[in-house]
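Accompanying notes for the structure given below.
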Amino acid sequence: VDVELETLNIDPANIEAAPADQAASVLYAMETTLQAAGMEFADVVRTWFYNRDITAWYGDFNRARNRFFTSRGVYQGLVPASTGVGGGDMGAAALTGGLLAIRPKNGLARIDAAFSPLQCPAINYGSAFSRAIEATFPDHARLLVAGTASISPQGHTEHAGNVEAQVERTIDVVGALLESRGTRWDEVTSGLAYVKRVEDVPAVKRYLERAQFDRLPILTVHADICRDDLLFELEVNALSPRAP
């Protein structure tokens, strides 16, 4: 039996500290939570970070995460998939976090990073996460697609200011990643679509309806994105049967 741990709402110890120090505190708290379950950070396959005023200190957040990952040898193993978006309903804290960790107990399960055919690795531009993680078990596979936005293969924002074009680009990127792992859109079991500007929510929903994505279990929410010129981000989880 494999060991799995999922926990959300991991908060910093001192909400009066500098935001980067709060980010480090959340990462340390994640590690403590894992250790209490007999696991370690190397077992983490997915993280979520909800940062207040994310665009004001996203660079500091990435540097804090990079320092922690370097100190824990994460870059020598599996770099988790991740979502980092704005969050404002967290009291006075600069951020809150969550994680999913899996520790296989035998060789029947495999956990691997899945690369995006249409985007470069996020590490190339200083953001420490994998585009997706695939956990393959004897009879099924779980694909955990990180928060994905309208970013070019060179790491630049595409279609700045055009929310529908960014939605289309993002869906193309996620679709290509799903296809590369032998996974279909109708195998998506959950997802979150983040929209930066509340006035864009109706346009996003209309686009998703035209593309028949409104039939999928994807929830549209209002949240800031990590770049000023990014208007949309999408994360999905998929479950695919596999022959034993």
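The table below lists the values:
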read-out	value
Any hit, segment 47-55, residues being surrounded by fewer than 17 Cβ atoms within 10 Å (Cβ to Cβ), free of Cβ contacts under 8 Å to residues at least 12 places away in the same chain and more than 17 Å from the chain's Cα centre (by Cα)	no
Meets criteria (of a type in the set (A, V, I, L, M), in a strand (DSSP E or B) and in contact (Cβ under 8 Å) with a residue 60 or more places away in the chain) for L8	yes
Segment 62-74 - residue that is assigned to a helix (DSSP H, G or I) and without any contact (Cβ under 8 Å) to a residue 40 or more places away in the chain and, of those, nearest to the chain's Cα centre (by Cα)	T70
Neighbours by Cβ (under 7 Å, 6+ apart or cross-chain): first from segment 186-215, more than 14 Å from V145 (Cβ to Cβ) and of a type outside the set (A, V, I, L, M, F, W, C); second open to solvent by 30 Å² or more (accessible area, probe 1.4 Å) and assigned to a helix (DSSP H, G or I)	Y207/E164
Residue that is most open to solvent (accessible area, probe 1.4 Å) [pool: residues in segment 34-46 that are assigned to a helix (DSSP H, G or I) and in contact (Cβ under 8 Å) with a residue 12 or more places away in the chain]	A42
Yes/no for G73 being modelled with pLDDT of 95 or more and on the phi > 0 side of the Ramachandran plot	yes
Filtered residues of segment 187-198 (kept if surrounded by 17 or more Cβ atoms within 10 Å (Cβ to Cβ) and either modelled with pLDDT under 95 or aliphatic (A, V, I, L, M) (or both))	V188, L192, A193, V195
Whichever residue in segment 156-170 is crowded, with 16+ Cβ neighbours inside 10 Å and among the polar types (S, T, N, Q) and, among such residues, is farthest from L239 (Cα to Cα)	T157
Selection count where residues are at pLDDT 95 or above, open to solvent by 40 Å² or more (accessible area, probe 1.4 Å) and part of a helix (DSSP H, G or I), scope segment 199-228	1
Meets criteria (of a type outside the set (D, E), open to solvent by less than 50 Å² (accessible area, probe 1.4 Å), in contact (Cβ under 8 Å) with a residue 40 or more places away in the chain and under 13 Å from T83 (Cβ atoms)) for T148	yes
Among the residues listed as Y28, Y58, the single one being part of a helix (DSSP H, G or I) and more than 16 Å from S82 (Cβ to Cβ)	Y28
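Residues are listed down the side, and each one gets a yes or a no for (1) buried (at least 17 other Cβ atoms within 10 Å of the Cβ); (2) over 13 Å from the mean Cα position of the chain (by Cα); (3) modelled with pLDDT of 95 or more:
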site	(1), (2), (3)
M90	no, yes, no
L100	yes, no, yes
N106	no, yes, no
A109	no, yes, no
A122	yes, no, no
R131	yes, no, yes
Q154	no, yes, no
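The values are calculated or read from the model by the stated rules, or taken from the named source; none is laboratory data. Keep in mind that this is a model prediction, so the values were computed, not measured. Note: ideal-geometry Cβ built from the backbone for every residue, glycine included; neighbour counts use all protein chains shown. For accessibility, only protein heavy atoms count, side chains too; no ligands or nucleic acids. Shrake-Rupley method; radii C 1.70, N 1.55, O 1.52, S 1.80 Å.
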